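Worksheet: one structure, shown below.
The values are calculated or read from the model by the stated rules, or taken from the named source; none is laboratory data. Being a predicted model, the structure only gives us computed values, none of them experimental. Here Cβ is always computed from backbone atoms with ideal geometry, including for glycine, and neighbour counts include all displayed protein chains. For accessibility, only protein heavy atoms count, side chains too; no ligands or nucleic acids. Shrake-Rupley method; radii C 1.70, N 1.55, O 1.52, S 1.80 Å.
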Amino acid sequence: VNEAFEGKLINDPQTDKKLTLSGGNYVIFNPTGGQNGPTGTVQVSGWSTIDVASGSSVRLESDLTMGGSEQNFIINEGASLDVSGTLNNINDVLLTGNVVNNGTIDLTLADKTLTGDKLTISGNYSGGEGARLNMSVDPRNNTADGLVINGDVSGTTEIYLTAASAAVPNGNILLVDAPNNVSGTAESFGVWRYEGSPYTWETLFENNQWYTYVSDGDRPGIV
């Protein structure tokens, strides 16, 4: 792709066209000024629909701008969207459009010890059957990776939580913030599995925000 298109897959944002990413792993980087991104990355923008096929993954190294009238980013079952940073930096990415998640959104580093990566979705979010959200949480500092949704929330999404230490958090830790949510409920996001902690983690829904907390910090759970 990079050789044939000089590292750029750019569509006229005024037209509705679909881009399907299949059969591999894609790294998207959109630099300012129109220059090519780092080696191994592809510049993608302006597409009305981006469809990540099963078995494929997309890693966002920078913001992603959709175009056209639909503006849907679709993660199919068995596909993933990686928004994790590196050991040297936190990733803070804006996706302009709606997200339909039938696969996995991953905000965790490989070593799963750093928190603070954030994905902001300008439109709506829908969690389909099997939708998963991988996030890291630091119970010592009461911080976590974050998902911000500026539109409505629908469907359900299971959260796979990784604790950076076995400490007990001091209060609730924010995971998902959807200030304009209308349809989403407490069941929209729930802790499905967790690792790195001997305690039981639960989910709290309040004021269009989903938090996680330890239900009993005096007694480890059986996990």
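Report note on the peptides 206-216, 156-166, 11-21: ranked by the mean count of other C-beta atoms within 10 Å, highest first, their order is 156-166, 206-216, 11-21. Computed over region 24-137, relative contact order equals 21 percent, with contacts defined as Cα pairs under 8 Å that lie 6+ residues apart. Among Gly190, Gly97, Gly130, the largest mean-square fluctuation in a Gaussian network model of the chain (Cα springs under 10 Å) belongs to Gly130.
Computed from phi, the 3J(HN,Hα) profile of region 152-160 under the Karplus parametrisation 6.51, -1.76, 1.60 (θ = phi - 60°) reads 8, 10, 9, x, 10, 9, 8, 9, 9 Hz, with x in place of Gly and Pro. Here is the tail figure for region 71-223: Cα pairs spaced more than 20 Å apart come to 44 percent of all pairs.
When the helices of the chain are scored as -39500 (n - 2.57) per DSSP H run of n ≥ 4 and the total is divided over every residue, the value at 222 nm lands at -500 deg cm²/dmol.
Using a probe of 1.4 angstrom and keeping all protein chains present, the accessible surface of region 90-223 works out to 44 square angstrom per residue. Convex hull volume per residue, computed on the Cα atoms of region 142-221, equals 81 Å³. Projected onto their three principal axes, the Cα atoms of region 181-221 cover extents of 36, 17, 12 Å, largest first. Phi angles of region 178-187 translate, via the Karplus equation with coefficients 6.51, -1.76, 1.60 and θ = phi - 60°, into HN-Hα couplings of 10, x, 9, 4, 10, 8, x, 10, 4, 7 Hz per residue; Gly and Pro are given as x.
In this simple spin-label approximation, Glu70 and Glu129 carry label points 7 Å from Cα along the Cα→Cβ vector, and these lie 2.2 nm apart. Given their separation in residues at 0.36 nm each and the Cα-Cα distance between them, Glu206 and Ile10 gain 66.6 nm when the chain is fully extended.
The charge dipole of the chain, taken about the Cα centre with unit charges on the Cβ atoms of Lys, Arg (+1) and Asp, Glu (-1), comes to about 200 debye, rounded to the nearest 20.
Think of the chain as having a plus end and a minus end, set by charges on the Cβ of Lys, Arg, Asp and Glu; of Gly7, Pro179, Ser136, Gly7 sits farthest toward the positive end of this dipole.
Could you calculate, for region 58-114, the ratio of the Cα radius of gyration to the Kirkwood radius, expressed as Rg to Rh?
For region 58-114, the value is 1.01.
For region 16-81, take N as its residue count and report Rg(C-alpha) divided by 2.2 N^0.38 Å.
So the Cα radius of gyration is 1.08 times the expected 2.2 N^0.38 Å.
For Glu187 and Leu19, what is the calculated FRET efficiency with R₀ set at 41 Å and r taken between the beta-carbons, to the nearest 0.05? After rounding, the FRET efficiency stands at 0.80.
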